[in-house]
1. State all residues of the range 207-233 that are closer than 13 Å to residue 254 by Cβ and in a helix (DSSP H, G or I); if no residue qualifies, say none.
2. If you check residue 428 against the conditions, is it in contact (Cβ under 8 Å) with a residue 40 or more places away in the chain, closer than 27 Å to residue 115 by Cβ, touching a Cys at 6+ places or on another chain (Cβ under 8 Å) and in the same structural domain as residue 549 (by TED's automatic domain parsing)?
3. Can you say whether residue 635 is buried (at least 18 other Cβ atoms within 10 Å of the Cβ), farther than 23 Å from residue 408 by Cα and among the acidic types (Asp, Glu), as far as the supplied structure shows?
4. Mind checking which residues of the range 376-390 are surrounded by 21 or more Cβ atoms within 10 Å (Cβ to Cβ), of a type outside the set (Asp, Glu) and outside any loop (DSSP other than H, G, I, E, B)?
5. Residue 306 is checked against (1) in contact with a Lys or Arg (Cβ under 9 Å, 6 or more places away or on another chain); (2) surrounded by fewer than 18 Cβ atoms within 10 Å (Cβ to Cβ); (3) over 30 Å from residue 617 (Cα atoms) and fails just one. What number does that condition carry?
6. Sort through 434, 476 and tell me the only one that's surrounded by fewer than 22 Cβ atoms within 10 Å (Cβ to Cβ), within 23 Å of residue 545 (Cα to Cα), of a type outside the set (D, E, K, R) and assigned by TED's automatic domain parsing to the domain that holds residue 611.
7. Which pairs do you get when a residue that is in the same structural domain as residue 203 (by TED's automatic domain parsing) and in a strand (DSSP E or B), found in the range 167-190, comes within reach of a residue that is basic (Lys, Arg) and modelled with pLDDT under 95, reach meaning Cβ atoms under 8 angstrom, with the pair 6+ apart or on two chains?
Amino acid sequence: MLNKKRWAIIALVVALVAVALAACTPSTETVTVEVTRVVTETVVEEGQTVEVTRVVTETVVETVEVEPEVVAGPKDLIVCMAQEPDTMYPYGGSMLAASAVQHAIYENNLTTLSYGYQARGLDKVPSLADGDAVLNVVEVNAGDTVVNAAGDVVAVEEGTELVNSDGETVTFDGTPVMMEQLVVDFTMKARVWSDGEPVKASDSVYSFNVLSDPDTPASKFTVERTASYEATGDLTTRWTGVPGFKDSTYFTNFWQPFPEHVWGSLTAAEMLESEITSRMPVGDGPFAIQEWIAGDSIRLVPNEYYYVEGEPYLDSVTYKFIPDTNQLIAQLLSGACDIGTQDGLGADQAPFLIEAENNGLLTPYFQTGTVYEHIDFGVNSYGDYGDGVGRPDWFEDVRVRQAMTMCTDRQSMVDNILYGRSEVINTYIPSVHPLYPEGLTEWPYDVEAANALLDEAGFVDTDGDGIREDPATGTPFAVTLGTTTGNEMRQQLTQIFKENQLQCGIDVELYYLPSSEWFADGPDGVLFGRRFDLGEFAWLTGVEPSCSLYITDSITGPEEEGFGGWGNSNDTGWSNADFDAACKRALGALPGTEDYTQGHIDAQVVFSQEVPVIPLFLRLKVAAARPNVLNFGVDPTQNSEMYNIYELDLQQ
């Protein structure tokens, strides 16, 4: 049954359609016109009947349809977002709403469309194949900074384990070791700051130095693994990694230039709060901020110095902040907004957006993103929740995991929760990813096959109550499934899962915890303390397949007992030597190499067969635009949908 909110929106849609149709109806007008006609008449001349043709002009009154005159006005785009950005300073925060505006005021050096990388502000994406990235072999001695065999940045001393240039793990004993060192050259396109000053390679080096400052609250992971970053020309920079650092995204190690001629007098701490960095920055993108009205809107106008001729197409862009989703949709429908961004819309608005689309008022965009939901098996639990201690060892047998996967109607989850707009996922990357392998095991929804597999594994219903029993102890196959509170989508999918598993003789009890408890580190946290039967949550996927989430080294648990630490990712306790070898082969290689590609493929083949987790589906990115907005779209791996604001346009 439709709720009141949905009826209100649909009523608004219907009303607006009527207004739109009325506005588009041509008017009628009575006009007087002169009409020239060729007339043929029959006359009698000299006793004979003949036909005479002549041209006559007549004045007539006619009623005609007059199309309203369309006067092209300025192209002012209105983008409506749920949140107001916290800052325009790229190192000052990471809000999605801030990214939507930053795309307008800073040039995209690289985009990440469709699980790949593309150059925009750079001449090209550097690569080993083209020679603008190279692996040099260098000599390493005591005291040198390197990345050791474990992936940590250390100073070399006796006993340090290193990976030499032949790929062998060796222990440093004072004898020099030859190691590989990555060097990458970048060339940026000639461009100009919005104040008219040219952008220089040294501005990128300045940005790197700001990021390196301890007062800049941003990740130092790549900084710590950088031997040097320098300008090699007016438009060129060179990044050199510390020996042993095989950075799989080495081609992204170009830093967004900052206007040193404007910001250079500020300290890193001052840059976090300064008006000229956080509110009204000078940028090199297609637009510049004209006005920021706190709590209301940000207005941008074209950067007159933008380096791409003919861009941008718009005369202005205004970002409006509308935290109420119903109001945001209403303003989209009325034409007060041209675009509604993903931070203000979600899958639960799908019925309203589809209704508006059917009436020609909006174009909704439903795009699978990089977040996937999954149900994890407690394959190997920890401590007093250990297998055979606190509960039977339900999930060590791979046939049980395979059967429960086949007993899960994942397509039903997609259809009922996400209105059929997402897809079932079979590993930790989607099927459209270029590294998705042929030969991957894709478990179908097959209750009959699932039950047969459970019978084969020895879990049978001996007392006829519909629930199978553990063959060793006779304990009913009754397990718990936990996830977070306050998430309607997860409540729906866990209920579907519970009903599905009953068809296979497995009784699932559901429970929900606050996120702070559910995701707490072990040993106290339920999920990452490995004290659960089944656990549902989400991980991020992306351009780089995330096999490291599931390797043995990532199993959560105390390091002194040989685990990966309580803050690690592998909550299942699953360990597989073939998976580890394939994943580490990929992680130790660079994109474009055989080891990188084949390692990621082999790891997924093992993962899909072993199913330590049941991959469910990809979450949706949802946005909407008026039909006259041109060149707008949502991409799975490009974070903000406003990345190409330089080519957005309004049809008039």
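1. 207, 208, 211, 222 - these are the residues of the range 207-233 that are closer than 13 Å to residue 254 by Cβ and in a helix (DSSP H, G or I).
2. Considered against the rule, which asks whether it is in contact (Cβ under 8 Å) with a residue 40 or more places away in the chain, closer than 27 Å to residue 115 by Cβ, touching a Cys at 6+ places or on another chain (Cβ under 8 Å) and in the same structural domain as residue 549 (by TED's automatic domain parsing), residue 428 comes out as yes.
3. Against the criterion (buried (at least 18 other Cβ atoms within 10 Å of the Cβ), farther than 23 Å from residue 408 by Cα and among the acidic types (Asp, Glu)), residue 635 qualifies.
4. 377
5. (2)
6. None of the others qualify; the one that does is 434.
7. Partner pairs satisfying both residue conditions: 180/246; 182/246.
This table checks each residue for (1) in a helix (DSSP H, G or I); (2) without any contact (Cβ under 8 Å) to a residue 12 or more places away in the chain; (3) over 25 Å from residue 583 (Cβ atoms).
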residue	(1), (2), (3)
401	yes, no, no
412	yes, no, yes
416	yes, no, yes
422	no, no, yes
435	no, no, no
471	no, no, yes
474	no, no, yes
480	no, no, yes
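The values are calculated or read from the model by the stated rules, or taken from the named source; none is laboratory data. All values derive from a computational prediction rather than experimental measurement. As a convention, Cβ positions derive from the backbone with ideal geometry for all residues, glycine included, and neighbour counts pool all protein chains shown.
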